[in-house]
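A.B. asks: Structure incoming, see below.
The values are calculated or read from the model by the stated rules, or taken from the named source; none is laboratory data. None of these values were measured; they are calculated from a predicted model. Ideal geometry is used to build each Cβ from the backbone, glycine not excepted, and the neighbour counts take in all protein chains shown. Quick note on the areas: whole protein, heavy atoms, side chains included, nothing else; ligands and nucleic acids left out. Shrake-Rupley method; radii C 1.70, N 1.55, O 1.52, S 1.80 Å.
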Amino acid sequence: MILIGRFLSPYTRRVAVSLNILGMPFERRPLTAWHNLEDVREVNPVGRIPALILDDGEVLFESSAILDHLDQVVGPGRALLPPREPDRRADLRILAVGLGVMDKAAAARYEMVMRPEDKIHQPWVDHNLGQVRSGLDWLNAHFSPRPASDDLPQTVITTVVMYDFLNIALGDHLEMDRYESLGALSRKWRETDIFRETHPDIDTKQE
Ligand SMILES: N[C@@H](CCC(=O)N[C@@H](CS)C(=O)NCC(=O)O)C(=O)O
């Protein structure tokens, strides 16, 4: 399998961490929509990362659809998202907020870095940052991994990756210290091999 995307993309990174946890070998092409749009469009008609090229050549895109496929391949006993209610429903709620936070963080960041300085619309940046903050408040209050579990379910993978992304992309604009329980979860996992192997710095160092 070939994973298309850079690790700075939290969507790409959560797929990479999941592949590693599930013991599924893959190659990676660290492309981005900004530098390699034509190549990315060849694998994803919308021109976004991640995409996963399967061994038979079929291409999957959208991180949640890719992860759903991986869970189907390994089966319900090893799936990273619980296969049945009520745990499945509970985890989907956490993932919906985590992914929403990533989407709004990306929107704020794009406004700040993609526009000429005199064309940045600060109310739009603030609107998105406000949504990031309220999403983080909710996650901080509502997400606690199931007790006595050292497993890495998709909720933990996505939350740890999200937290790293926010620190890197918007650390100067957010007060990350106030999300104590998310910070503790991040500290528990971020230095473990499984997350270090996919740290966004890896791509920067290779440039
Ligand atoms: N919902 C998508 C989001 C993917 C996404 O937004 N990827 C970003 C990189 S972090 C991208 O390729 N952006 C380029 C663009 O939107 O033009 C997923 O979960 O895969």
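A.B. asks: For the chain, just list the percent of Cα-Cα distances falling in each 10 Å bin from zero outward, please.
C.D. replies: Calculated over all Cα pairs of the chain, the distribution is 8, 34, 38, 18, 2, 0 percent.
A.B. asks: P(r) of segment 152-207 in 5 Å steps, Cα pairs, percent per bin?
C.D. replies: Going from the shortest bin to the longest, the percentages are 4, 18, 28, 25, 17, 7, 1.
A.B. asks: Same structure again: Whole number in Å², please: accessible area per residue of the chain, 1.4 Å probe, ligands, DNA and RNA not counted.
C.D. replies: Averaged over the residues of the chain, the accessible area is 54 Å².
A.B. asks: So if R0 is 25 Å, what FRET efficiency would ASP151 and PHE26 give, r being the distance between their Cβ atoms, rounded to the nearest 0.05?
C.D. replies: Working: r = 21 Å, r/R0 = 0.84.
The computed FRET efficiency comes out at 0.75.
A.B. asks: Moving on to the next point. Search the structure for amide H atoms under 5 Å from the amide H of ARG29, placed 1.01 Å from N in the peptide plane, and list their residues when 5 or more places away or on another chain.
C.D. replies: LEU3, ILE4, GLY5
A.B. asks: Another question about this same structure. Heavy atoms only, probe 1.4 Å: what % of the accessible area of segment 2-80 goes to carbon and sulfur, would you let me know?
C.D. replies: Of all accessible area on segment 2-80, carbon and sulfur atoms account for 52 percent.
A.B. asks: Hey, what's the Cα Rg ratio for segment 2-80 versus the globular rule of thumb, 2.2 N^0.38 Å?
C.D. replies: 1.03
A.B. asks: A further question on this structure: Only Lys, Arg, Asp and Glu count, each charged at its Cβ (+1, +1, -1, -1), so figure out the dipole size of segment 1-121 about its Cα centre, rounded to 20 debye.
C.D. replies: Rounded to the nearest 20 debye, it is 420 debye.
A.B. asks: Right, here's the next one. Pop out the ³J(HN,Hα) list for segment 56-69 in order, Karplus 6.51 cos²θ - 1.76 cosθ + 1.60 with θ = phi - 60°, rounded to Hz; leave Gly and Pro as x.
C.D. replies: Once θ is set to phi - 60°, the couplings for segment 56-69 become 8, x, 5, 10, 10, 9, 6, 4, 5, 5, 5, 5, 4, 5 Hz.
A.B. asks: Please give the length that would be gained between SER144 and GLN122 if that part of the chain were fully extended, namely 0.36 nm times their separation in residues minus their C-alpha to C-alpha distance (nm, one decimal).
C.D. replies: Working: separation 22, 0.36 × 22 = 7.92 nm, distance 3.37 nm.
Value of the extension gain: 4.5 nm.
A.B. asks: Report, to two decimal places, the Cα Rg of segment 87-194 normalised by 2.2 N^0.38 Å (N = number of residues).
C.D. replies: Working: Rg = 14.7 Å, N = 108, 2.2 N^0.38 = 13.0 Å.
This ratio for segment 87-194 stands at 1.13.
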